[in-house]
Ligand SMILES: [Zn+2]
Ligand SMILES: [Zn+2]
């Protein structure tokens, strides 16, 4: 056959000379496409650009713009890095180098840890190899041959990988004098790696096993072009500036202390104020929506945790104590006391739904390695609620929660995404119950009019759930709200209600949080706002600044008025230059500076200045109080 026919994604057919590759196909369509093409898909499988086409194949051309492109670019750049490392450090042994969400990494076994200078050298070598425009070629060989080959090269890790794979054949990718075991696909030439940067070095155990060798992991990132790379690097820089651990210290919000214990937050006055504002906000918002505020004890008898199943399934993460020979568990969640309240009376269908809300402080023993500022802690407070309702009410209740999340996230200015996790293979509860709960969650998602994803089989064994991930100012995702249906606890604690027909029935239980852990949410808020909290959230809303000592009596009276009216105000009457005081207040990111000079004293006024330097018209203390009250009321 001298000619083959292939089918393009739009269904059209295209004749090509026999032996043509995907690149040839792209070139036959246009020079621009040939230039942009980096790989292809044949019958839905990703393949290299130079893969030969068979007659009748369904072909798609992958360009730099395709969603699949980034992973191929990044994985190829990790090979380029391994080649550079081998060129500079021939004794280094290569292991694996996958693409990851932020770029790629490659793990090496080397004699000494890499230094930042090594990183620069490696990156320079990578540029040199990219410029050399080496062909990246795929070859297949038997596993026995591959083992032989890598043994000869002294690449023990590759030998282990091939042995573990247990396949007849494996594929190799070769560029210049460097060959790597890989499934592919890859870019056709090293010059296609155009925009990359090595970012950091870390230690990592071979296969994550502490008993195996400690390797050197080099992280990097890569994009299709320099512009995207630069934008990404800028975002990273900005994220570093906004790091809540750094800002938490600079703004004197909170601290951690080894003498107290890892993962346990100590809230300083301004941080505690921020928390209080959020907690007051939460109480108000919950009461508005028909929730009752409740409060359970911090420790509950061990027997109760046995009954709930926490003792069996969650014990390693809990703190226990024994007093007078009675064991107690410090609560890792708030559900149990809420169920005790439900059980304290006979419930009728007319009482439902019941919505119990608690700002519940819980303790969970997270591994030391995963603790991270406020984002991952061992003691935290959830805005936790449990809804107990009839099966018929579930639909409306879930919709109500999503509406709640939408309104609250709107106030903070967060966009969010939702994911539904459905029944896993191992689960408890009847088919009917799963069906009911899953369709209630799904209906609410559809009803919200927002995009959502479904993770089939990813739910907890005791019920389906919706996870809500908010997106911050730097376009990062944060898991906060969850809505979880639960079939176990009502069973285990024998919760019932008397239905209209006089029969005893099981209520449905929904666990839900809106902000999640207050600690974590504050960490996210700090980074989202870069510490520039809006007026309604700012722990200090205004500071009164004098120009000279002459204004102190008037300034003090104004300060007193503001504080009495509930404005969160501080003062700086020090004998310092005004410019110096303003700079300090700006560093503290206080929204309003109220300057008092002789003119203001004479006119009975304050001269407000916003933290970005913008001046507002002078106003009386009463006018300023009204102004702040309005900003708070409108969540400005
Ligand atoms: Zn590879
Ligand atoms: Zn719960």
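From the list 520, 574, 563, the lone residue that is free of Cβ contacts under 8 Å to residues at least 12 places away in the same chain, under 30 Å from residue 410 (Cα atoms) and more than 16 Å from ligand 2 (Cβ to nearest atom) is 563. Comparison of 386, 372, 365 shows that the only residue that is in contact with a helix residue (DSSP H, G or I) (Cβ under 9 Å, 6 or more places away or on another chain) and without any contact (Cβ under 8 Å) to a residue 24 or more places away in the chain is 372.
The set of residues in region 364-380 that are surrounded by fewer than 20 Cβ atoms within 10 Å (Cβ to Cβ) and assigned to a strand (DSSP E or B) comprises 372, 376, 379. Set side by side, the residues 232, 219 differ, and just one is within 18 Å of residue 99 (Cβ to Cβ) and not in a strand (DSSP E or B), which is 232.
Screening residue 405 on (1) surrounded by fewer than 20 Cβ atoms within 10 Å (Cβ to Cβ); (2) part of a helix (DSSP H, G or I) shows it passes everything except condition (1). Restricted to region 166-216, and to residues there that are under 14 Å from residue 78 (Cα atoms) and assigned to a helix (DSSP H, G or I), the residue that is nearest to the chain's Cα centre (by Cα) is 192.
A quick yes/no check of all residues on (1) touching a residue at least 12 places away in the same chain (Cβ under 8 Å); (2) at negative phi; (3) surrounded by 18 or more Cβ atoms within 10 Å (Cβ to Cβ):
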site: 62; (1), (2), (3): yes, yes, yes
site: 72; (1), (2), (3): yes, yes, yes
site: 76; (1), (2), (3): yes, yes, yes
site: 80; (1), (2), (3): yes, yes, yes
site: 98; (1), (2), (3): yes, yes, no
site: 101; (1), (2), (3): no, yes, no
site: 111; (1), (2), (3): yes, yes, no
site: 125; (1), (2), (3): yes, yes, yes
site: 136; (1), (2), (3): yes, yes, yes
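When 172, 181 are checked against the criterion of being within 21 Å of residue 219 (Cα to Cα), within 16 Å of ligand 1 (Cβ to nearest atom), surrounded by 18 or more Cβ atoms within 10 Å (Cβ to Cβ) and free of Cβ contacts under 8 Å to residues at least 40 places away in the same chain, a single residue qualifies: 181.
Return only the number of the condition from (1) farther than 26 Å from residue 404 by Cβ; (2) over 25 Å from the mean Cα position of the chain (by Cα) that residue 337 does not satisfy. Single failed check for residue 337: (1). Restricting 542, 481, 500, 557 to those that are surrounded by fewer than 17 Cβ atoms within 10 Å (Cβ to Cβ) and under 30 Å from residue 634 (Cβ atoms) reduces the list to 557.
One line per residue, one yes/no per condition, for (1) surrounded by fewer than 14 Cβ atoms within 10 Å (Cβ to Cβ); (2) over 22 Å from residue 287 (Cα atoms):
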site: 412; (1), (2): no, no
site: 423; (1), (2): no, yes
site: 426; (1), (2): yes, yes
site: 433; (1), (2): no, yes
site: 446; (1), (2): yes, yes
site: 453; (1), (2): yes, yes
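For residue 208, the conditions (1) on the phi > 0 side of the Ramachandran plot; (2) more than 16 Å from ligand 1 (Cβ to nearest atom); (3) surrounded by 13 or more Cβ atoms within 10 Å (Cβ to Cβ) are fulfilled apart from (3).
Here is a yes/no grid of residues against (1) touching a helix residue (DSSP H, G or I) at 6+ places or on another chain (Cβ under 6 Å); (2) within 30 Å of residue 49 (Cβ to Cβ):
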{"site": "114", "(1), (2)": "no, no"}
{"site": "118", "(1), (2)": "no, no"}
{"site": "132", "(1), (2)": "no, yes"}
{"site": "146", "(1), (2)": "yes, yes"}
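Candidates are the residues of region 352-363 that are away from ligand 2 (no atom under 13 Å from the Cβ) and closer than 19 Å to residue 331 by Cα; the one that is surrounded by the fewest Cβ atoms within 10 Å (Cβ to Cβ) is 361. Among the residues of region 21-72, those identified as within 32 Å of the chain's Cα centre (by Cα) and closer than 19 Å to residue 171 by Cβ are 38, 39, 40, 41, 44, 45, 46, 47, 62, 68, 71, 72. The single condition from (1) in contact with a helix residue (DSSP H, G or I) (Cβ under 6 Å, 6 or more places away or on another chain); (2) without any contact (Cβ under 8 Å) to a residue 12 or more places away in the chain that residue 435 fails is (1). Taking residues in region 273-292 that are free of Cβ contacts under 8 Å to residues at least 24 places away in the same chain, and partners anywhere that are assigned to a helix (DSSP H, G or I), the pairs with Cβ atoms closer than 9 Å and at least 6 places apart or on different chains are 281/408; 281/411.
Each reported figure results from applying straightforward, stated rules to the coordinates on display, with no laboratory input. This structure is a prediction, so every number in the text was calculated from the model and none was measured. Don't worry about glycine lacking a Cβ; one is built from the backbone with ideal geometry, like all the others, and counts go over all protein chains shown.
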